[in-house]
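Written below as structure tokens is the structure these notes are about.
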Protein chains: 2
Amino acid sequence: MLASVRARIIPTRKASAGWTAATKPLRGQAVLPLSVFASFYHKPARSEAFKRLSAEDVNYFKTILPSETILATPAVGGTADPAELDAFNADWLNKYRGNSQIVLRPKSTEQVAAILKYCSDNRVAVVPQGGNTGLVGGSVPVHDEVVLSLRNMSKVRSYDEISGILVCDAGCVLEELENYVAERGHVMPLDLGAKGSCHIGGNVATNAGGIKLLRYGSLHGSVLGLEVVLPDGTVLDNLSTLRKDNTGYDLKQLFIGSEGTLGVITGVSVVTPRRSEAVNVAVLGVPDYSSVQRAFKLTRQRCGEVLSAYEFWDASSMSAVLKHQDLRNPLSSEYPFYVLIETSGSNKDHDDEKLGGLLEELMEEGVVKDGALAQDDSQIARMWSMREGIPESLSKTGATYKYDISIPIPVLYDIVGDIAQRLEKANLYKPGSTSYPVRLVCGYGHIGDGNLHLNVVAERFEDKVTKIFEPYVYEWVSSHRGSISAEHGVGLMKRDYLGYSKSPSMIEYMKRIKDLFDPNHILNPYKVV
Amino acid sequence: MLASVRARIIPTRKASAGWTAATKPLRGQAVLPLSVFASFYHKPARSEAFKRLSAEDVNYFKTILPSETILATPAVGGTADPAELDAFNADWLNKYRGNSQIVLRPKSTEQVAAILKYCSDNRVAVVPQGGNTGLVGGSVPVHDEVVLSLRNMSKVRSYDEISGILVCDAGCVLEELENYVAERGHVMPLDLGAKGSCHIGGNVATNAGGIKLLRYGSLHGSVLGLEVVLPDGTVLDNLSTLRKDNTGYDLKQLFIGSEGTLGVITGVSVVTPRRSEAVNVAVLGVPDYSSVQRAFKLTRQRCGEVLSAYEFWDASSMSAVLKHQDLRNPLSSEYPFYVLIETSGSNKDHDDEKLGGLLEELMEEGVVKDGALAQDDSQIARMWSMREGIPESLSKTGATYKYDISIPIPVLYDIVGDIAQRLEKANLYKPGSTSYPVRLVCGYGHIGDGNLHLNVVAERFEDKVTKIFEPYVYEWVSSHRGSISAEHGVGLMKRDYLGYSKSPSMIEYMKRIKDLFDPNHILNPYKVV
């Protein structure tokens, strides 16, 4: 027990011996039958401004692309089984589903430019796609858009081991890049559960956040340059490898988080921090949400510069994880809240001392009731699997409504209880009971960033459930001057709700920016603005 | 001597006892007579698209502004002595000089909006001005533009002590904000020599870098929101206090570094990191530039997460400082290069041990020849005054040509010797001699960011000197894919040279962005693009 630990001595309590070997969380994998999702979301009508693709178009693509990079169904003169396109037409939650008949997988920036020029000239709508791990319907076609997959562009272009600056194709998988730079003593400045499938280009296009943002900041700071193909085929070469460059407007920033609606990112230059020699991870049991906050404050004071993650989840999230993952609770009891603290530093002894001192202080003050410190890399991996396994575990529990919101930390968790109460009042939910349409209401996320993932798990997506919290959640967030999308983006899901977080004049100028870069609106239509 | 220090023991060599009390470096102060600068730079012709201001315009301004906020000369129907406008018409180096007859100092965002709307409707050119400490002629009028000074908008709007998020008016002086947040346990995420005069709005408008960028990253990461008045009077309210917000295009990023050419920043929301409990500073004597690099690599390895600054300067910079500042060399000899290392952490013992170990290792390997560790806050201040006093000391030496460039670290310093040689060959410079037009060629800057300040100090600004390194410096930087402006911006000085760092299509889209936000081009004309 941590309570017995003395000042400045590293706690030695081991994580439960019964933990199984770390399992790699499933990533980018649909886990529920299609029937659950049918026609759930409001799909905007197809714009008749867009050309309907024909064999003639496909023939043109054959002149600019190798044949093996074109996947076209008989509907557009191809030979591919439409089922082969399923993985490109549906998102990983299988919540959003389009009807594209063609996937193009170019191998070079020049090929991307040639495709876009043709599509722009001919008013062919295009959806750029990376690892297709998004959660707001941003990366799948809505109707019959051409899917432009970056999968075949996955080379590291250069890496400088002194500065840690990586230049690579947009289609590189995040985890592969992580391994690549790890071998050279560095880490990627972002990490997220989908890393085994997501592409760096998609990460940048969606301004992905994840679990390292607390330490390394957002991609607006760590991306140094981008190569972007504009809808008219212009290649904007801004693949700078400079940490500082104040020569004119920083145009690349517009593409970070634009979700493929302004241009197609084909190359990324990003600074990778040095890998820390020492990494410590602890999981804590916390009695209430105000203690989660108090613990955070003290953690920043005691571990400031070595703190690399401060994640939390509630008892409902934990119950889903323990049910669906091959993991055991490292603590001896159950608690209302769990916190995962990670430190990364250059000196193991120093970090052990800082973290040990902190944990003891937290225990003594009653802010934390129990804790386990990972003793080796495999325990670290399992603790992280617990946090990262939440989304998948919820998906296995039922149809998951996901709200990803930024709100001031003091009121961050209030919305979870609020939503549960509304559902109970409407007779749609009773905690612990399985005989109601809603099975679980839970919250987890990144306290340090003020980012809560509010999830509601139901038997199925249906209007009588949805209407309880939409637009209520958005109104609630707006009343706290929060963001209705902290890190997932807008996509198709939140386009109609943008006004809850942005003023009319902001939205007006976003539309003008869209018009400027994509005057024919061929890129990722029906999304964002 | 550090050489005698034992492993893991903190070196105790004190900085020379003879140092005088820290003097606050002069900031924002012209130090050379005007005659030196007369007609030096190419001034673009006044655009006849702009209205010439009349008493009628001034009368209108009187209807929307309190009279004490208008400074107008008799030329436009006012009563102010034209000399009163000197401080607004000339930059602090007195290199760039405009001829404005009116300064407006609004007290509110609404007043700024009213001014801009009128100016836009009537094609009156406007130059927004903060502390006027820029180095590229970006903050002074070129001809008779209205000076829109933000000086009267200097209130803190809100501060959250838990999250460290500050919201303030654009006209707040950086040092005053630093003091404000310091009292509350935090630090501003940027620091620069001009902090006593520069405004946070100007810092953001120019994407100021400075000495903390290595630790806290650029303003593109730490600015959370902006309030910006567009030329037509629209107020873009994006004063978010959220660390994460992915709802649409991140428009605020466009204004960061736009140098007042797209809109006038009136409010800033910025995240302020926690103040470190322990700060250590050391100054090292280094035998050559390759050792400066080796020392940097080792410093990052040993002090990674606590490293907050790694600055360097050469012997010529040091000689100017020692001549013009009331400071003594803290080392016992002179060296070709000097390095200043600062660590900031949460545990003084740990940091002492890390820095002490590093210094010993550097000495043992011969990478560093001598070193001094500051023993108290006043020594820390004096060591910083040494580095921060370089620009002012050079200005006291003569007319200073300043080039602020980003280039790959290995070749960073080559340009200094290169330029000196070219000047020698042209018989314009002889090291150590005062009978040549050029007195000093020196380099200093932020190694960690790949940012060199190349300075050439001459008797006066004159074409025969200028032509030796312009456009040569820009060509050299371009051939290394560097940036011709790492942190100072483009302003008037580098507008014609933008093509050395940005492609034609990038510049074309910058111009389109300018057209989008400022269709009449009334904001800060003749600058940037």
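Can you give me the C-alpha center-to-center distance between the range B:300-328 and the range A:207-265, rounded to a whole angstrom?
33 Å
When Rg is the radius of gyration of the Cα atoms in chain B and Rh is its Kirkwood radius, what does Rg/Rh come to?
With Rg and the Kirkwood Rh in hand, the quotient comes to 0.97.
How do A:Ser346, A:Ser154 rank by accessible surface area computed with a 1.4 Å probe, from largest to smallest?
These residues rank, largest area first, as A:Ser154, A:Ser346.
Per residue, how large is the accessible surface of the range B:156-271? Use a 1.4 angstrom probe and give square angstrom.
With all protein chains present, the range B:156-271 gives 23 Å² per residue.
Projected area of the range A:398-490, taken from the Cα convex hull and averaged over every viewing direction, in nm²?
Hull-based average projected area comes out at 5.7 nm².
Whole number in Å², please: accessible area per residue of the range A:392-529, 1.4 Å probe, ligands, DNA and RNA not counted.
34 Å²
Whole number in Å², please: accessible area per residue of the range B:65-117, 1.4 Å probe, ligands, DNA and RNA not counted.
38 Å²
Between A:Glu176 and B:Glu334, what is the label-point separation in nm under the 7 Å Cα-to-beta-carbon projection?
About 5.6 nm, to one decimal.
Summing +1 for each Lys or Arg and -1 for each Asp or Glu, what net charge is found among the other residues whose Cβ lies under 11 Å from the Cβ of B:Gly171?
Taking every other residue near B:Gly171 into account, the sum is +2.
Provide the per-residue ³J(HN,Hα) series for the range B:423-430, in order, calculated from phi with Karplus coefficients 6.51, -1.76, 1.60 and θ = phi - 60°, each as a whole number of Hz, with x at glycine and proline positions.
Calculated HN-Hα couplings, in order: 5, 4, 4, 7, 6, 10, 7, 9 Hz.
Treating the beta-carbon of each Lys and Arg as +1 and of each Asp and Glu as -1, no other charges, what is the dipole magnitude of the range A:34-149 about its Cα centre, to the nearest 20 debye?
For this selection, approximately 240 debye.
At what distance in nm do the modelled label points of A:Asp463 and B:Ala75 sit from each other, each positioned 7 Å from its Cα along Cα→Cβ?
Result: 6.9 nm between the two label points.
Using the alpha-carbon atoms, what tilt in degrees (0 to 90, nearest 10) does helix A:289-303 show relative to the longest principal axis of chain A?
Its long axis makes an angle of about 90 degrees.
Counting only protein heavy atoms, probe 1.4 Å: which residues of the range A:155-176 lose 30 Å² or more of accessible surface in the full assembly compared with their chain by itself?
A:Ile162
Based on the mean of other Cβ atoms within 10 Å per residue, sort peptides A:442-455, B:221-234, B:275-288, A:470-483 so the most packed one is first.
A:442-455, B:221-234, B:275-288, A:470-483
Which listed residue (A:Met188, B:Asn329, A:Gly499) has the Cα farthest towards the positive end of the charge dipole for the protein assembly as shown, taking +1 on Lys and Arg C-beta and -1 on Asp and Glu C-beta about the Cα centre?
A:Gly499
Ignoring ligands, DNA and RNA, what percent of the accessible area of the range A:34-149 is carbon or sulfur (1.4 Å)?
Roughly 52 percent of what the probe reaches on the range A:34-149 is carbon or sulfur.
When the Cα atoms of the range B:156-271 are enclosed in a convex hull and the volume is divided per residue, what value in Å³ results?
Roughly 97 Å³ of hull volume per residue.
Would you mind telling me the antiparallel percentage of the DSSP bridges in the range A:34-149, rounded to 5?
Of all bridge pairs located within the range A:34-149, approximately 40 percent are antiparallel.
Suppose each label sits 7 Å from its Cα in the direction of the beta carbon; what would the B:Arg481-B:Ser47 distance come out to in nanometres?
So the two model labels end up 3.4 nm from each other.
Taking Cα centroids, how far is the range B:117-148 from the range B:479-508 in Å?
21 Å
Report, in degrees rounded to the nearest 10, the 0 to 90 angle that the Cα long axis of helix A:55-64 makes with the longest principal axis of chain A.
70 degrees
P(r) for the range B:221-347, please, calculated from all Cα pair distances in 10 Å bins and given in %.
Going out from 0 Å in 10 Å bins, the range B:221-347 shows 11, 26, 19, 24, 17, 3, 0 percent.
Apply the Karplus curve 6.51 cos²θ - 1.76 cosθ + 1.60, θ = phi - 60°, to the phi angles in the range B:410-418 and return the couplings in whole Hz, x for Gly and Pro.
Karplus values, whole Hz, x for Gly and Pro: x, 9, 3, 8, 3, 4, 5, x, 4.
Can you tell which of A:Val465, A:Gly98, A:Gly221 lies farthest toward the positive end of the dipole of chain A, using +1 and -1 charges on the Cβ of basic and acidic side chains (Lys, Arg; Asp, Glu)?
Toward the positive end, the furthest listed residue is A:Val465.
Just to verify a number: what accessible area does A:Lys212 come out at with the full protein assembly present, 1.4 Å probe, Å² rounded to tens?
30 Å²
Work out which residues of the range A:288-331 lose at minimum 30 square angstrom of accessible surface when the other protein chains are put back, relative to the chain isolated, with a 1.4 angstrom probe, and list them by number.
A:Lys297, A:Arg300, A:Gln301, A:Glu305
Please give the average number of partner chain Cβ atoms lying within 10 Å of the Cβ of each residue in A:440-450, rounded to a whole number.
The shielding value for this peptide is 1.
Quick check on the protein assembly as shown: what are the equivalent-ellipsoid semi-axes from the Cα gyration tensor, as sqrt(5λ), descending, whole Å?
Listed largest to smallest, the semi-axes of the protein assembly as shown are 47, 37, 28 Å.
Over chain A, calculate the relative contact order: mean separation of alpha carbon pairs under 8 Å at least 6 apart, over the residue count, as a percent.
18 percent.
Whole-Hz ³J(HN,Hα) for each residue in the range A:212-228, computed from phi via Karplus 6.51 cos²θ - 1.76 cosθ + 1.60 with θ = phi - 60°, x for glycine and proline: what do you get?
9, 4, 3, 8, 9, x, 8, 5, 4, x, 8, 7, 8, x, 9, 10, 10
From the helices alone, meaning DSSP H stretches of at least four residues, give me the mean residue ellipticity at 222 nm for chain B, per-run term -39500 (n - 2.57), in deg cm²/dmol to the nearest 500.
-8500 deg cm²/dmol
I need the inter-copy label distances for A:Ala87: point set 7 Å along Cα to C-beta, values in nm with one decimal, smallest first.
6.8
About the Cα centre, and with charges only on the beta carbon of Lys, Arg (+1) and Asp, Glu (-1), how big is the dipole of the range A:156-271? Nearest 20 debye, please.
Magnitude of the dipole: close to 320 debye.
Could you order A:Glu178, B:Glu110, B:Glu84 so the one with the most accessible surface comes first? Probe is 1.4 Å.
B:Glu110, B:Glu84, A:Glu178
Residues of the range B:342-361 losing 20 Å² or more of accessible surface, assembly versus chain alone, probe 1.4 Å, please list them.
B:Ser346, B:Asn347, B:His350, B:Lys354
What's the extension gain from A:Asp496 to A:Asp349 if we count 0.36 nm per residue and subtract their Cα-Cα distance?
Taking A:Asp496 through A:Asp349 to full extension adds about 47.8 nm, to one decimal.
For B:Lys511 and A:Asp121, what is the calculated FRET efficiency with R₀ set at 30 Å and r taken between the beta-carbons, to the nearest 0.05?
Taking R0 as 30 Å, the efficiency between B:Lys511 and A:Asp121 is 0.80.
How fast does the range B:34-149 diffuse by Stokes-Einstein, in µm²/s, taking the Kirkwood radius from C-alpha pairs at 10 °C and 1.306 mPa s?
In µm²/s, the coefficient is 110.
So if R0 is 56 Å, what FRET efficiency would B:Asn99 and A:Ser435 give, r being the distance between their Cβ atoms, rounded to the nearest 0.05?
0.10
Where the accessible area of the range B:399-529 is counted over protein heavy atoms with a 1.4 Å probe, how much of it, in %, is carbon and sulfur?
Solvent-exposed carbon and sulfur of the range B:399-529 make up 46 percent of the total.
Interface B/A, total buried accessible area with a 1.4 Å probe, nearest 100 Å²?
Looking at B and A, the buried total is near 6800 Å².
Quick one: angle between helix A:348-364 and the longest Cα principal axis of chain A, in degrees between 0 and 90, rounded to 10, please.
60 degrees
The values are calculated or read from the model by the stated rules, or taken from the named source; none is laboratory data. Because the structure is predicted, anything quoted here is derived from the model rather than measured. Note: ideal-geometry Cβ built from the backbone for every residue, glycine included; neighbour counts use all protein chains shown. Quick note on the areas: whole protein, heavy atoms, side chains included, nothing else; ligands and nucleic acids left out. Shrake-Rupley method; radii C 1.70, N 1.55, O 1.52, S 1.80 Å.
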